[in-house]
1. Considering only the range 44-61, I want to know if a residue exists there that is in a helix (DSSP H, G or I), aliphatic (A, V, I, L, M) and farther than 18 Å from Asp137 by Cα.
2. When the range 102-127 is examined, which residues are found to be of a type outside the set (A, V, I, L, M), closer than 19 Å to Glu59 by Cβ and outside any helix (DSSP H, G or I)?
3. Is at least one residue of the range 88-106 within 22 Å of Ala42 (Cα to Cα) and in contact with a helix residue (DSSP H, G or I) (Cβ under 7 Å, 6 or more places away or on another chain)?
4. If you check Ala99 against the conditions, is it surrounded by 13 or more Cβ atoms within 10 Å (Cβ to Cβ) and farther than 11 Å from Ile60 by Cβ?
5. Exactly one of these conditions fails for Thr113: (1) over 16 Å from the mean Cα position of the chain (by Cα); (2) farther than 12 Å from Val71 by Cβ; (3) at pLDDT below 95. Give me its number.
6. May I ask you to list pairs of residues, at least six apart or on different chains, whose Cβ atoms are under 6 Å apart, with the first in the range 77-89 being in contact (Cβ under 8 Å) with a residue 12 or more places away in the chain and over 16 Å from Ala134 (Cα atoms) and the second being surrounded by 13 or more Cβ atoms within 10 Å (Cβ to Cβ) and not hydrophobic (A, V, I, L, M, F, W, C)?
7. Inspect the range 61-71 for any residue being under 16 Å from Val128 (Cβ atoms), at pLDDT 95 or above and surrounded by fewer than 14 Cβ atoms within 10 Å (Cβ to Cβ) and give the result as yes or no.
8. Based on this model, can you work out whether Glu74 counts as outside any helix (DSSP H, G or I), surrounded by fewer than 17 Cβ atoms within 10 Å (Cβ to Cβ) and out of contact with any Ser or Thr (no Cβ under 9 Å at 6 or more places or on another chain)?
Amino acid sequence: MTVQDKDKTLDDAIAEPACRSRGRRAHIAGALAEEQVMRHYAARGLRVVHRRWRGSRGEIDLVLRDGDAVVFVEVKSAPTHARAIESLRPAQAGRIRSAAQEFLGGELRGELTEMRLDVALVDGRGVVEVLENALADF
């Protein structure tokens, strides 16, 4: 092992707790944003049926019922709504659509079930903005 390798290992060891701490903060911030979004939808009469639903094709942050319709929600949080939406990438949107199709496969009407794919943005002040069916053509 060279001196450079030892330094790299030491640097990695020093940085690791900071990364875990940032990761933990991001996880907590995401969970808080999801809570705010759930309250937002509940105030409008929607019912949460799954939180962080995971299928073989991906994960969906929130799955809600609006009558007979299913609403899939991707939650994004950042200091501003603009920054939050910028963090959504086409590949991620594709995985969410694919996971939604998988979820609908378990519904009585299958893919004929009325549904929409929302993006809920939460800014640094906790303000929620919902972009209804934003992932339909993303």
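1. Pass one, the range 44-61, residues in a helix (DSSP H, G or I): none.
Scanning the range 44-61 turns up no residue that is in a helix (DSSP H, G or I), aliphatic (A, V, I, L, M) and farther than 18 Å from Asp137 by Cα.
2. To start, the set of residues in the range 102-127 that are of a type outside the set (A, V, I, L, M) comprises 102-103, 105-107, 109-111, 113-114, 116, 118, 123-126.
Now narrow it down to the ones that are closer than 19 Å to Glu59 by Cβ: 102-103, 105-107, 116, 118.
Within the range 102-127, Gly105, Gly106, Glu107, Arg116, Asp118 meet the criteria.
3. Checked the range 88-106: at least one residue is within 22 Å of Ala42 (Cα to Cα) and in contact with a helix residue (DSSP H, G or I) (Cβ under 7 Å, 6 or more places away or on another chain).
4. Details: surrounded by 13 or more Cβ atoms within 10 Å (Cβ to Cβ): yes; farther than 11 Å from Ile60 by Cβ: no.
Taking the combined requirement at face value, the residue does not satisfy it.
5. The number of the failed condition is (2).
6. Pairs that qualify, where the first residue is in contact (Cβ under 8 Å) with a residue 12 or more places away in the chain and over 16 Å from Ala134 (Cα atoms) and the partner is surrounded by 13 or more Cβ atoms within 10 Å (Cβ to Cβ) and not hydrophobic (A, V, I, L, M, F, W, C), are Pro79/Gly124; Thr80/Asp123.
7. So the first thing to find is which residues in the range 61-71 are under 16 Å from Val128 (Cβ atoms), and the list is 61-62, 64, 71.
Pick out the ones that are also at pLDDT 95 or above and you get 61-62, 64, 71.
With the extra rule that they be surrounded by fewer than 14 Cβ atoms within 10 Å (Cβ to Cβ), the set shrinks to none.
Scanning the range 61-71 turns up no residue that is under 16 Å from Val128 (Cβ atoms), at pLDDT 95 or above and surrounded by fewer than 14 Cβ atoms within 10 Å (Cβ to Cβ).
8. Values: outside any helix (DSSP H, G or I): yes; surrounded by fewer than 17 Cβ atoms within 10 Å (Cβ to Cβ): no; out of contact with any Ser or Thr (no Cβ under 9 Å at 6 or more places or on another chain): yes.
Here the answer is no, as Glu74 does not meet what is asked.
The values are calculated or read from the model by the stated rules, or taken from the named source; none is laboratory data. Quick caveat: nothing in here was measured; it's all calculated off a predicted structure. Reconstructed Cβ throughout: ideal geometry from the backbone, glycine too, with neighbour counts over all protein chains shown.
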